[in-house]
Amino acid sequence: MALTIKVNGQNHSVDVDGDTPLLWVLRDVLGMTGTKFGCGMALCGACTVHIDGVATRSCVTPVDSVGESQITTIEAIGATKAGAKIQKAWLDNEVVQCGYCQSGQIMSASALLASNPHPTDSDIDDAMFGNICRCGTYVRIREAIKKAAQSAGQEG
Amino acid sequence: MILGHLTPRPGQSDPNTLSRRGFLQAGAAAGGGLMLSLSWPFADGEADAAAAGAFAPNAFIRIEGDGQIVLTMPYVEMGQGDYTAIPMLIAEELEVGLDQVRLEHAPPNEKLYGNPLIAGVQATGGSTAIPAAWEPMRRAGATARAMLMSAAASRWNVDPESCRANGGEVLHAPTGRRLKYGELAADAASMPVPASVVLKRSEAFNLIGTPAKRLDSPVKVNGSAVYGIDARPPGVKIATLAQSPVFGGRVKNVDDTAAKAVNGVRQIVRLDDAVAVVADHMGAAKKGLAALTIEWDQGPHAQLTTDEIARGLEKATLNPGPVAQNIGNVEKAMANAATRVEAIYQVPFLAHATMEPMNCTVDVRQDSCEVWVGSQVLARAQAAAAKVTGLPLEKVVVHNHLIGGGFGRRLEVDGVARAVEIAKHVEGPVKVVWTREEDIQHDMYRPYFFDRMSAGLDEKGMPVAWSHRFAGSSILARFLPRAFKHGLDPDTTDGAIDLAYALPNMRVEYLRVEPPGIPTAFWRSVGPSHNVFVTESFIDELAAAAKQDAVAYRRALLDKSPRAKAVLELAAEKAGWGQPLPERAGRGVSVQFVFGTNMAQVAEVEVSKDGAVRVRRVVCAVDCGVVVNPDIVRAQVEGAVIFGITAALYGEITLKDGRVEQANFDTYQMLRISEAPAIEVHIVQSSEPPGGMGEPGTSAIVPAVANAIFAATGKRLRKMPVDASALKQPA
Ligand code: FES
Ligand code: FES
């Protein structure tokens, strides 16, 4: 079944079953491997993308449910204001270790920052709870989100 | 910097071009540059030579005609920062900036890239990378610098002593002349290798000791980093698999009619003990797998339970075992002791649950095989592929990748062998990706251990006798059989023997008991992951029996270990040890000397009325000798602490009917950001040789948490993970 999806501003026509999780369409069909597989059950957040700006687990999102919506992945998040700030804060704070979870972390964090420029600790917990980091970078993730929020604030 | 997969260069991996004696050798690089190789042939007598610690690991520095400095990395990057800290060592001596160094993954070649601290196995593990690399990598950099300087001096016809190296150039100050390394590389290649070089003194370090930025971060924040699971050779198909749910079982019957009808499924591969579905994408492969009906012949372990395994270990500890350490006379001291304390400890099987699930991409052709994988043991990966295909080693090309979490899981090559078995039946390349369920249920686990402790105390409550007897799997006996001698191996007992404490009479016995059918493997902090929990909990019990403060009691036993004592004091001070806490909150301490690093941790926990434990704050003091990159040291402690708390609070793999009961992150839980404590790391300045930092944070936190729970509730937890029901406040 041929479907058209919009990823990072581009239309892609894909020929897969409609119930195929978006994750595999991105990774295996379109070759966009920045979005990661961790659990396949919405338990770890590694596969997080934005659908119309909302952080979404692509491993449990059937590709035919996306419709006309805009999909944004880690490969293009730097083009958004919140995404660029988060990436910079991630580098400034040296958040990354193995890095495998970080695409998902950055996608969740940038969705948070875009919708809530001054998140509290509990806002951060709520938005980031679903993203596991086996390397244990949580302390730095929290600091980096706060730093990104500060820089957002300074620019008014 | 290139962090993708790279094909090994011809000539680079040819051991015959290298000195049989080891040490440094220089030559011309392809394209007219300088190539310096540090080599050690491990082919004969390697274990003994390695034990003597007398030689270098292997590295290549290539300085190309355009001045590019290329370092072939013998250690892999799995988050621990080797791809930053090791180039720092070379850049420091070469007098170049870190940004002037480009990295390549080393190809498989045990002779060239064997790790001297792991008996010459080409392995990254055991927190050995920096300790192993510290001296030889700097020596390699200094030698290259000296040869570049001689090349410049002879070109200018001046005394080399009047030249200086800086920023990738050689300068002649008196005349103001300068030449870039690239312009000198070809000449330098024909200079004699200096017999000795002077390494920089620590006061002169520009890079070592600074929080230099990680080289692998930029590609990891924009999705461009390439892990094994991201390999996409042209035409690659995706496969996923089901292995016998009972270890040692076999496939009896497969009905694949429905699976074959799934859109995108190409092929079903039936192996002896597994079935794989090959498809255009993982979505189809998973759907195909779900549509299979597989009947298993469960084999001999179909009734196995964790309890049965624990009972077997318990029984084994009723008899004496091979003695790993014996000091003084324990029987006599025990008989004369004023008080005796006895306890039994147990730790569970644990899965690694690396964030990147197991995967391996393989293309088996008529007369060759190509493998794309992220591995901690590249040469073993190559050997595994050669064995399964029957091809000679040199016909197997292995491309290493960034690793999405190792923790010991990728020291094993079962996943490589499995992928090659599948690929043998598939035309063209196939990427075998394990589902998370398969990853957790077919891991190779941190062993279950059963420990009997007893101690005798004198009238003042100080230990005069210490006896520790335990049973469990020896990973090293399988992983490196020659390291298993007289029933003992140095890993299983690490953290149980050679304690930092002065114990006048002490005996440690180890009984190797392999659990039937359950594969075991190294897991972050290896032997100490079990032993430090036991010893540091038990010493806490002794302090409590003696009615003494847990820090003061330890301190009194640390006179012969000043560095351990210093970190203990520092951690206690920074944590506010002794200051009052609310009800059902408490602090616990641990101190250890393992992986060549002294570390103390104080954990602060609170226990809710219903028994839920929350770790609020962790203070860690560490003396790991010279610090190459303090920010990476900090990050490793933070990560290792989270890893250990996850194990302490949730980590347990159990078996029922021979099957692992946990399957995904709902049943094998990970600590989440909302549960993460504040973590403070205090680094002691030191000029001792560097110790390992990837693992000690994990072994230290587990007893600190257990001891804090005791302080908060009076309940001593002798079995991990924490049993919240035992901590409920009585109504
Ligand atoms: S892979 Fe989607 S949440 Fe884990
Ligand atoms: S950085 Fe490795 S899992 Fe998060």
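Could you please find all residues in the stretch B:480-505 being in a strand (DSSP E or B) and crowded, with 22+ Cβ neighbours inside 10 Å?
Pass one, the stretch B:480-505, residues in a strand (DSSP E or B): B:485, B:488, B:494, B:497.
Once the filter is applied, which keeps residues that are in a strand (DSSP E or B) and crowded, with 22+ Cβ neighbours inside 10 Å, the stretch B:480-505 yields B:LEU488, B:ASP494.
Applying the criterion of at least 2 residues that are more than 16 Å from ligand 1 (Cβ to nearest atom) and crowded, with 21+ Cβ neighbours inside 10 Å to the strands (runs of 3 or more DSSP E) found wholly in the stretch B:175-267 leaves B:237-243. Which residue, of B:PRO357, B:PRO348, is within 16 Å of ligand 1 (Cβ to nearest atom), modelled with pLDDT of 95 or more and either in contact with an Asp or Glu (Cβ under 9 Å, 6 or more places away or on another chain) or within 15 Å of B:VAL430 (Cα to Cα) (or both)? On inspection, the qualifying residue turns out to be B:PRO357.
Answer yes or no as to whether A:GLY38 is within 16 Å of the chain's Cα centre (by Cα) and over 22 Å from B:ALA663 (Cβ atoms). Taking the combined requirement at face value, the residue does not satisfy it. Candidates in the stretch A:52-61 are the residues that are touching a Leu at 6+ places or on another chain (Cβ under 9 Å) and in contact (Cβ under 8 Å) with a residue 60 or more places away in the chain; of these, the one that is farthest from the other protein chains (Cβ to nearest Cβ) is A:ALA55.
Can you tell me which residue among B:VAL170, B:VAL158 is in contact with a His (Cβ under 9 Å, 6 or more places away or on another chain) and either in a strand (DSSP E or B) or over 30 Å from B:GLY691 (Cβ atoms) (or both)?
Exactly one residue qualifies, and that residue is B:VAL158.
Please go through the stretch B:375-397 and give me each residue that is at pLDDT 95 or above and under 19 Å from B:VAL433 (Cβ atoms), ordered by number. Listed by number, the residues that qualify are B:ALA381, B:ALA384, B:ALA385, B:VAL388. Residue check: B:ALA419 meets all listed conditions (1) assigned by TED's automatic domain parsing to the domain that holds B:GLU661; (2) more than 30 Å from B:ASP540 (Cβ to Cβ); (3) among the aliphatic types (A, V, I, L, M) but one, namely (1).
Listed here are the residues, each with its yes/no results for (1) modelled with pLDDT of 95 or more; (2) farther than 25 Å from B:ALA647 by Cα; (3) not β-branched (Val, Ile, Thr).
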position: B:ARG507; (1), (2), (3): yes, yes, yes
position: B:GLU514; (1), (2), (3): yes, no, yes
position: B:ALA521; (1), (2), (3): yes, no, yes
position: B:SER525; (1), (2), (3): no, no, yes
position: B:SER529; (1), (2), (3): yes, no, yes
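Regarding A:ASP125, is this residue at the interface with chain B (Cβ under 8 Å from one of its Cβ atoms), of a type in the set (D, E, K, R), open to solvent by 10 Å² or more (accessible area, probe 1.4 Å) and over 13 Å from the mean Cα position of the chain (by Cα)? Considered against the rule, which asks whether it is at the interface with chain B (Cβ under 8 Å from one of its Cβ atoms), of a type in the set (D, E, K, R), open to solvent by 10 Å² or more (accessible area, probe 1.4 Å) and over 13 Å from the mean Cα position of the chain (by Cα), A:ASP125 comes out as yes.
With respect to the stated conditions, B:VAL681 is in a strand (DSSP E or B) and away from ligand 2 (no atom under 15 Å from the Cβ). Looking only at residues in the stretch A:19-49 that are more than 7 Å from chain B (Cβ to nearest Cβ), touching a residue at least 24 places away in the same chain (Cβ under 8 Å) and open to solvent by 10 Å² or more (accessible area, probe 1.4 Å), the one that is nearest to ligand 1 (Cβ to nearest atom) is A:ALA42. Within the stretch B:268-294, restricting attention to residues that are in a loop (DSSP other than H, G, I, E, B) and away from chain A (no Cβ under 14 Å), the residue that is farthest from the chain's Cα centre (by Cα) is B:LEU292.
Among the residues of the stretch B:380-398, which ones are under 24 Å from the mean Cα position of the chain (by Cα) and either of a type in the set (Val, Ile, Thr) or crowded, with 24+ Cβ neighbours inside 10 Å (or both)? Outline the logic, then answer.
The first filter runs over the stretch B:380-398 and keeps only residues under 24 Å from the mean Cα position of the chain (by Cα), leaving B:380-385, B:398.
B:ALA381, B:GLN382, B:ALA384, B:ALA385, B:VAL398, listed by residue number.
Of the residues making up the stretch B:464-477, those that are farther than 26 Å from B:ILE118 by Cβ and either open to solvent by less than 10 Å² (accessible area, probe 1.4 Å) or assigned by TED's automatic domain parsing to the domain that holds B:VAL236 (or both) are B:ALA465, B:TRP466. Within the stretch B:382-425, being of a type in the set (Val, Ile, Thr) and within 14 Å of another protein chain (Cβ to nearest Cβ) holds for one residue alone: B:ILE403.
Condition check: over 30 Å from B:TRP134 (Cα atoms) and out of contact with any helix residue (DSSP H, G or I) (no Cβ under 9 Å at 6 or more places or on another chain). Does B:SER725 satisfy that? For B:SER725, the condition - over 30 Å from B:TRP134 (Cα atoms) and out of contact with any helix residue (DSSP H, G or I) (no Cβ under 9 Å at 6 or more places or on another chain) - is met. Identify the residue in the stretch A:77-101 that is surrounded by 24 or more Cβ atoms within 10 Å (Cβ to Cβ) and of a type in the set (Val, Ile, Thr) and, among all such residues, is nearest to A:GLU143 (Cα to Cα). For the stretch A:77-101, the residue satisfying everything is A:VAL95.
The rows are residues; the columns are (1) outside any helix (DSSP H, G or I); (2) open to solvent by less than 10 Å² (accessible area, probe 1.4 Å); (3) within 10 Å of chain A (Cβ to nearest Cβ); (4) within 16 Å of ligand 2 (Cβ to nearest atom).
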{"position": "B:GLY611", "(1), (2), (3), (4)": "yes, yes, no, no"}
{"position": "B:ARG616", "(1), (2), (3), (4)": "yes, no, no, no"}
{"position": "B:VAL622", "(1), (2), (3), (4)": "yes, yes, no, no"}
{"position": "B:VAL627", "(1), (2), (3), (4)": "yes, no, no, no"}
{"position": "B:VAL633", "(1), (2), (3), (4)": "no, no, no, no"}
{"position": "B:GLU638", "(1), (2), (3), (4)": "no, no, yes, yes"}
{"position": "B:VAL641", "(1), (2), (3), (4)": "no, yes, yes, yes"}
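Give the residue, chosen from A:CYS59, A:CYS98, A:CYS44, A:CYS133, that is within 13 Å of ligand 2 (Cβ to nearest atom), assigned by TED's automatic domain parsing to the domain that holds A:VAL16 and modelled with pLDDT of 95 or more. Talk me through it step by step, then tell me what you get.
Working: A:CYS59 fails: within 13 Å of ligand 2 (Cβ to nearest atom); A:CYS98 fails: assigned by TED's automatic domain parsing to the domain that holds A:VAL16; A:CYS133 fails: assigned by TED's automatic domain parsing to the domain that holds A:VAL16.
When all the criteria are applied, what remains is A:CYS44.
When each of A:GLY130, A:GLY104 is tested for being surrounded by fewer than 24 Cβ atoms within 10 Å (Cβ to Cβ), of a type outside the set (Lys, Arg), within 25 Å of B:VAL637 (Cα to Cα) and within 13 Å of the chain's Cα centre (by Cα), the lone residue that passes is A:GLY130.
Would you mind stating whether B:HIS425 is modelled with pLDDT of 95 or more and surrounded by fewer than 19 Cβ atoms within 10 Å (Cβ to Cβ)? Before you say what the answer is, go through the steps one by one.
Working: modelled with pLDDT of 95 or more: yes; surrounded by fewer than 19 Cβ atoms within 10 Å (Cβ to Cβ): yes.
When the stated conditions are applied, B:HIS425 passes them.
Scanning the stretch A:62-95 for residues that are within 16 Å of ligand 2 (Cβ to nearest atom) and polar (S, T, N, Q), which turns out farthest from the other protein chains (Cβ to nearest Cβ)? For the stretch A:62-95, the residue satisfying everything is A:ASN93.
How many residues does the stretch B:65-121 hold that are among the polar types (S, T, N, Q) and part of a loop (DSSP other than H, G, I, E, B)? Outline the logic, then answer.
First, pick out the residues of the stretch B:65-121 that are among the polar types (S, T, N, Q): B:68, B:72, B:80, B:84, B:100, B:109, B:115.
With part of a loop (DSSP other than H, G, I, E, B) added as a condition, the list becomes B:68, B:80, B:109.
Total meeting the criteria: 3.
Out of B:LEU313, B:LEU304, which single residue is surrounded by 15 or more Cβ atoms within 10 Å (Cβ to Cβ), away from chain A (no Cβ under 14 Å), in a helix (DSSP H, G or I) and modelled with pLDDT of 95 or more? Of the residues listed, the single one that is surrounded by 15 or more Cβ atoms within 10 Å (Cβ to Cβ), away from chain A (no Cβ under 14 Å), in a helix (DSSP H, G or I) and modelled with pLDDT of 95 or more is B:LEU313.
Look through the stretch B:316-362, keep the residues that are hydroxyl-bearing (Ser, Thr, Tyr) and in contact with a Phe, Trp or Tyr (Cβ under 9 Å, 6 or more places away or on another chain), and return whichever of them is surrounded by the most Cβ atoms within 10 Å (Cβ to Cβ).
That would be B:THR361.
The values are calculated or read from the model by the stated rules, or taken from the named source; none is laboratory data. Because the structure is a prediction, the values reported are computed rather than measured. Glycine also receives a Cβ, built like all others from the backbone with ideal geometry; neighbour counts cover every protein chain displayed. Just the protein is used for accessible areas: all its heavy atoms, side chains included, with ligands, DNA and RNA removed. Shrake-Rupley method; radii C 1.70, N 1.55, O 1.52, S 1.80 Å.
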